[in-house]
Amino acid sequence: MGNQMDKLSHLSYAEVPTMDPNGVDAEDGPRIGVSYIFSNDDDELEEGCASDGTVKDPNQEEKQYDQRDEVSCAVYHKEECIYEKSVKSANLEVYSPENLLNKCKAGDLVEFVATGQFPHWAVYVGDFQVVHLHRAEVKNSFLTDASQGRRCRVVNDLYRFKALGADMVVQNAMEQVGLKERELSWRNSECFAAWCRFGKREFKMGGEIRIGKQPYRLKICISDKHSHVLEFQSLEDMVMEKRRNDHLGRRAVLQELATHFNSVEETRREPGPE
């Protein structure tokens, strides 16, 4: 697929490829999601930078977490639901890092969240520590340090794959500590942490061949009765798009979708050549 760039700045939904060469979706049909073959997401911001890349005012408070701006979605592989996040779910409650330590067990997946930032994932390995992919390096850090002031939660149940035993999850994580840049096999912290827990090669770069039909579907919930579906050739690409939505937040994603739908409707109304 197209959109294969060294760095994918991406993306309004109007730019996502469609089944139709004229760029118009069939009625109620899913769109084909972008391929992120050469792209990593900006999982961690550089020191002193805001989420848009501008320099932060040191006197300005960090953005707070607002659960109402989370994007509810589900992921399907063929017909099987393999991931689901609903803002109405009780398991999305967040805690301070200090309070979460009382709830963590070795092998748990931890997600750090803040409005306007990519979510950051880590594996809790015990003794108040996590292993995580941070700025192109797998690191062993104290959970409180890895949080960087963000709220956090245990997210073992978002992916519906069968988890490995806790000892194996910790071993998977610890064995990668110290890997850097070209040694890495994961595009972001979520893919790394999920691979540690579930052991599925699909979370690794190039873990699936991107040919043929798109077996993954990302269903973005717009309302209780409406949703929008994107199709992807790999789990890796789907995770990248899901994380992009998490970074933007619900309000921005809905606005982006509304702009896309309006554009499609206007295209349909244009008179054809006589």
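List of remarks:
- Within the accessible area of the range 121-274 (1.4 Å probe), percent carbon and sulfur: 47
- Compared with the alpha-carbon gap, the fully stretched path from Lys180 to Leu254 is longer by 23.0 nm at 0.36 nm per residue.
- Over 25 Å (Cα to Cα) - which of Lys85/Lys180; Lys78/Lys225; Lys78/Lys204 fall in this group: Lys85/Lys180
- The packing ranking, built from the mean of other Cβ atoms within 10 Å per residue, places the peptides 213-221, 109-117 in the order 109-117, 213-221, highest first.
The values are calculated or read from the model by the stated rules, or taken from the named source; none is laboratory data. Since the structure is predicted, the reported quantities are computational estimates derived from the model, not experimental observations. Glycine gets a Cβ as well: all are built from the backbone with ideal geometry, and neighbour counts include every protein chain shown. Keep in mind that these areas ignore ligands, DNA and RNA; they rest on the heavy atoms of the full protein, side chains included. Shrake-Rupley method; radii C 1.70, N 1.55, O 1.52, S 1.80 Å.
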